[in-house]
Amino acid sequence: MEKEAIYEKVISYIKENNLISPEDTIVEGISGGADSVCLFLMLEEYKKEVGFNTVAVHVNHGIRKKTADKDEKFVEKLCESKGVELKSYKKDIPLICKITKESEEECGRRIRYEIFDEVCSQYENAKIAVAHHMNDQAETVIFRIIRGSGIKGLGGMEAKRDNIIRPLLCLKREEIEEYLEQSGQKYRTDETNNAIEYSRNYIRKKIIPKFENVRQNAVEHINALSGEAADINDFMEKKALELLEEASKEADRKYITKGLTTKYKSDVLSEAEPILLKFAVRALITEAGVSIKDVTRNHVDALCEMIAKPKSGEIHLPNGVTVVKESGIVYIKPREDFEPQIQEVINIPEVVMPTVSESPANESDKKPDSPYKFYYPIIGEGNYMLPDGSVVSCRILNEFDKSEIPEDTYTKWMDYAKMSEDLCIRTRKSGDFLVINKNGNEGNLKNYMINEKIPKSERDEVPILASGSRVYWVMGHRISEDVKVTDNTTCVIEFVYKKADTESEENEKSEAAEGVENG
């Protein structure tokens, strides 16, 4: 395809999706690679026609050292040749990773978008232009399929999301290279993009080429599927919001309450088609203040099950949000202390007043000074959702048969009378210990994890049941010897740990964070 035709294809895409207006300032992310250089050239050309403002941003991650410095020099010369303002930043991503315990890819992406946002804040009508193209879209969709995403994940990256625009989503990688070749424009190559040990690079270098061997237009077809999936998802989300609105109106008609953020009539929700209920529950969770990136399939399934069943229930979610079902009404507890007060009911016959017990919110974000990855106080019987979608269930057994003590690794009975009241589910901290034998000898948790050959990279992720520094259960492993059930036990507390299915998490992060920043 001729250079002019490729350019016009992109400009048509920009106009069709209303990506750029004359009053905009476009923050151009430019690494020096082929994709971002192509986007840079096209936007600078289009600027002559439309008149918007541009500013280029380059981030040197400090990962590839001298090579990264050469990338930075290349970008400086390119921007200087076009008379474009360049804001260049240097960050020591390897050092930051050691502190945040992120991967270099995750950390670099987060830092990059933080910088983009910082630059945007300096201008009016600012938008971030990134260089994702059709091959990136296909790669993202395949990656999400493998990861276990639902219909939302198949929707891939959008041409426009919030203040992020992707003008090159209409081009294949080879079209970008053709445009640069015909323009006589050089670009930099990131050698880490060729390392197939990274999952995305493996998809890019191995899987997509095999797809195209089977069908030449495989990338275009995957993109078309992604577009249809996005349309279906948008339609279902709209219907889900309508369902929630109806359920909310029914709840408001029956009950007047104070101290509740939201409430829904459970039978209105449960009578919906199962697939629509799932979409409604996802919307309910996110509207309650739980970030979409923290919503997993386990969260959705657990809430759907609770809503469908006639009995009451309570589920604890990330970000300190709790969902309670009482007397046919689903309540959303905010992060603040929850103290609902039932007021006068409008004259409607046969209304059953819901009884909701007063209890503090499960605020996982209220952490003690120690650097826990998560911290959930046990406030009573119920299900506690951990950030990865795992579920810890708690219940009190006043009547039990000692012969039925579970031997399952993930179900544990403990002597409730021997445990402190301030129980919590959290990650480890310095000084943690557990009783390791009947003589009452104490063992350091760190040493226990080493002896159990728990990988060092996983030790900060293992949930533990504790009170202060005393560990009662290393979940998935042993319990402390001093809380084991004996002949003298009169009351048992049971905990069941259901690990998240990490291969099927519906963890739909925002596309800005999800997409790979190529070129």
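Each value in this text was obtained by applying a stated rule to the coordinates, not by laboratory testing. Keep in mind that this is a model prediction, so the values were computed, not measured. Cβ atoms come from the backbone with ideal geometry, glycine included; neighbour counts cover every protein chain shown.
Observations
- Calculated FRET value between Lys438 and Tyr202, using beta carbons and R₀ = 56 Å, to 0.05: 0.65
- Cα gyration tensor shape of segment 375-503, rounded if a/c is under 1.5, else prolate or oblate by comparing a/b with b/c: oblate
- Theoretical FRET efficiency, 1/(1+(r/R0)^6), r = Cβ-Cβ of Asn488 and Ser393, R0 25 Å, to 0.05: 0.45
- Ranked by the mean number of other Cβ atoms within 10 Å per residue, highest first, peptides 31-42, 374-385, 158-169 order as 31-42, 158-169, 374-385.
- Extension gain, Ala218 to Asp408, is 63.7 nm, computed as 0.36 nm per intervening residue step minus the present C-alpha separation.
- Modelled FRET efficiency - R0 60 Å, Glu421 with Asp69, Cβ distances, 0.05 increments: 0.55
- Peptides 279-290, 394-405, ordered by how many other C-beta atoms sit within 10 Å of their residues on average, highest first, read 279-290, 394-405.
- Relative packing of 488-498, 453-463, which averages over residues the other C-beta atoms within 10 Å, highest first: 488-498, 453-463
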